[in-house]
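Here is the structure we will look at.
The values are calculated or read from the model by the stated rules, or taken from the named source; none is laboratory data. Source: prediction; values computed, not measured. Neighbour counts are summed over all protein chains in view; Cβ atoms, including those assigned to glycine, are modelled from backbone coordinates with ideal geometry. Calculation scope for accessible area: heavy atoms of the full protein, side chains included, ligands and nucleic acids excluded. Shrake-Rupley method; radii C 1.70, N 1.55, O 1.52, S 1.80 Å.
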2 protein chains.
Amino acid sequence: MARKPKQQRSKATVDAIVEAALIAIAQQGPSATTARQVADIAGIGVGSLYEYFEDKDAIFEAAGARFVDDTVAMIKPLIPELVRLNIRDAVAKLLFTFRDFLEENNQLYLKCARHAFSLDMVIYQEPINRALMDLFTQYLMHHPDMLRLPNIPALAYFYINGGVFTVVRHLSEQQPTQGFDELVTVFGDILASYAEHKLGLPEA
Amino acid sequence: MARKPKQQRSKATVDAIVEAALIAIAQQGPSATTARQVADIAGIGVGSLYEYFEDKDAIFEAAGARFVDDTVAMIKPLIPELVRLNIRDAVAKLLFTFRDFLEENNQLYLKCARHAFSLDMVIYQEPINRALMDLFTQYLMHHPDMLRLPNIPALAYFYINGGVFTVVRHLSEQQPTQGFDELVTVFGDILASYAEHKLGLPEA
DNA sequence: ATGCTTGTTCGGATTCAATTCGGAAATCAT
DNA sequence: ATGATTTCCGAATTGAATCCGAACAAGCAT
């Protein structure tokens with residue numbers, strides 16, 4: 001970004017640009033949105049875009065960062081509560097909250113997330129994965145039996161990466177083959193089965 | 001523009017364009033590759049690109065289609081063999097074969113796959129999912145006990161979508177947190193645990 | 001308030017990639 | 001081998017991305 005916004009006025013401009021980028025991405029995806037469109041939506045001149053952003057990609061990265069930060073901010077406060085639930089309930093609570101979050105603002109974030117899984121973009125989502133990994137870890141700490149599970153890192157890797165992608169894809173589906181509820185059940189069952197099968201029959 | 005190649009000569013040109021597109025995408029991703037680069041790699045003039053493709057996106061779609069067809073062609077013949085194995089072995093065999101396939105040609109396909117998970121592109125990958133779904137279904141048919149499993153469609157949806165994404169992401173990882181082998185083990189265990197937990201203790 | 005410095009906005013000018021198109025070259029059919 | 005068809009191409013056009021210096025606004029003394 002060429003400059004740092006010093007005054008309140010320019011902070012608002014940067015903010016308007018990021019918001020506009022999210023709207024444009026949701027509407028048409030990043031590759032189809034032009035700089036002029038973003039400027040128009042933000043209600044500013046084209047040239048102003050480049051005062052605070054190196055190029056179009058930098059704008060999209062900032063928009064992605066906004067999404068990621070909001071997502072993390074949604075997950076973090078849930079952790080203390082989720083950690084006390086059994087696996088199925090924790091998974092269900094998390095997924096329903098996540099869905100509601102993605103559906104907000106007329107699916108603004110869901111429609112953006114559709115474009116976020118190019119593995120080049122995915123690095124910017126790392127904070128989300130870290131937050132979920134944190135949740136996973138803290139859950140294990142509150143259920144020490146589960147620390148005996150084999151392959152915990154690989155399990156978490158698959159569950160988190162595969163889970164986020166699958167949920168976003170399912171919610172984006174035009175005509176889903178099955179309901180979200182069934183998916184939530186399976187998500188919970190898979191993890192619970194793994195734990196119960198590998199350990200014995202714990203879990204209240 | 002958008003003509004059909006009639007002669008052998010032009011078929012070769014179209015082929016060269018598709019190959020060139022795959023190479024370019026692997027190197028820099030679609031949004032960073034220019035029409036001129038593709039033409040240069042293919043060893044043809046820029047204008048020739050537009051004889052058989054509407055625009056740059058159409059070229060990328062064709063490249064994607066090539067990848068998808070090759071992938072399906074890799075999966076299909078495996079099915080009869082996989083269907084006779086126990087879950088863990090079947091999953092392992094499939095994943096190792098899939099990895100080798102992605103690693104071919106100096107990771108050409110792996111490096112392309114990195115860019116294929118934007119959910120706009122993902123529709124073109126549907127044949128891959130169908131092939132995997134077919135494998136899943138036929139596996140169940142050969143192990144009829146498993147037909148009693150609850151939520152099979154949702155299970156398959158999560159397992160296939162999440163699995164493909166996770167594998168490609170892991171293989172693309174610069175410095176993986178865990179080995180591919182651990183991931184394969186978890187993939188097998190997760191599915192086997194679900195089956196064994198839900199049914200009783202089947203599976204040889 | 002006034003003058004000065006710094007921060008901000010903007011749109012015309014520039015640059016570069018995508019796409020078009022008409023003519024030249026190759027292939028085909030007779 | 002000649003006319004018809006197919007293919008190839010690169011110069012010209014188009015449009016989006018980016019730059020930049022003039023014009024405007026805010027901060028801050030005095």
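One table, with the values for the structure above:
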{"read-out": "Degrees between helix A:87-113 axis and first principal axis of chain A (Cα, 0 to 90, nearest 10)", "value": "20"}
{"read-out": "Net +/- balance of residues flanking A:Thr71 in space, Cβ distance below 14 Å, scoring K and R +1, D and E -1", "value": "-3"}
{"read-out": "HN-Hα J in Hz across the range B:20-36 - Karplus 6.51, -1.76, 1.60, θ = phi - 60°, x for Gly and Pro", "value": "4, 4, 4, 4, 5, 4, 4, 6, 9, x, x, 5, 8, 8, 9, 4, 4"}
{"read-out": "Cut-off under 5 Å, modelled amide H: who pairs with A:Ala116 long-range", "value": "B:Leu119"}
{"read-out": "Relative contact order for chain A, counting Cα pairs under 8 Å that sit 6 or more residues apart, in percent", "value": "23"}
{"read-out": "Stretch gain in nm, segment B:Glu54-B:Leu199, where the contour uses 0.36 nm per residue and the Cα spacing is subtracted", "value": "46.9 nm"}
{"read-out": "Nearest-ten-degree value, helix A:152-172 long axis tilted from longest Cα axis of chain A", "value": "60"}
{"read-out": "Counted charge near A:Ala26, where neighbours are those whose Cβ lies closer than 15 Å (Asp, Glu -1; Lys, Arg +1)", "value": "-2"}
{"read-out": "Under the Karplus curve 6.51 cos²θ - 1.76 cosθ + 1.60, θ = phi - 60°, whole-Hz ³J(HN,Hα) for the range B:180-195, x wherever Gly or Pro sits", "value": "5, 4, 4, 4, 4, 4, 5, 4, x, 4, 4, 5, 5, 4, 4, 5"}
{"read-out": "FRET efficiency, 1/(1 + (r/R0)^6) with R0 41 Å, evaluated for B:Thr137 and B:Gln27 via beta carbons", "value": "0.65"}
{"read-out": "Over 26 Å [Cα-Cα, the range A:63-199], rounded percent", "value": "21"}
{"read-out": "Tilt relative to chain B, helix B:126-142 - C-alpha long axis, 0 to 90 degrees, to 10", "value": "20"}
{"read-out": "Cα-Cα pairs of the range B:8-54 separated by more than 18 Å (percent)", "value": "19"}
{"read-out": "Neighbour cut-off at most 12 other Cβ (10 Å), DSSP loop, trypsin sites (Lys or Arg not before Pro), the range A:79-126", "value": "A:Arg84"}
{"read-out": "Accessible area of the protein assembly as shown belonging to carbon and sulfur atoms, whole % at 1.4 Å probe", "value": "53"}
{"read-out": "Reachable aspartates and glutamates, given that their alpha-carbon falls under 16 Å from the alpha-carbon of B:Lys6 and they are not under 8 places away in the same chain", "value": "B:Asp15, B:Glu51"}
{"read-out": "Net charge of Cβ neighbours under 12 Å - reference A:Val122; Lys, Arg +1; Asp, Glu -1", "value": "-1"}
{"read-out": "Inter-label distance for B:Leu78 and B:Asp15, nm, one decimal - labels placed 7 Å from Cα along Cα-to-Cβ", "value": "2.6"}
{"read-out": "A:Ala2-B:Thr34 FRET efficiency (beta carbon distance; Förster radius 41 Å; 0.05 resolution)", "value": "0.95"}
{"read-out": "Two-site label geometry, A:Ile123 and A:Thr97: point separation in nm, points 7 Å out along Cα→Cβ", "value": "3.0"}
{"read-out": "The protein assembly as shown, Cα convex hull volume normalised per residue, Å³", "value": "161"}
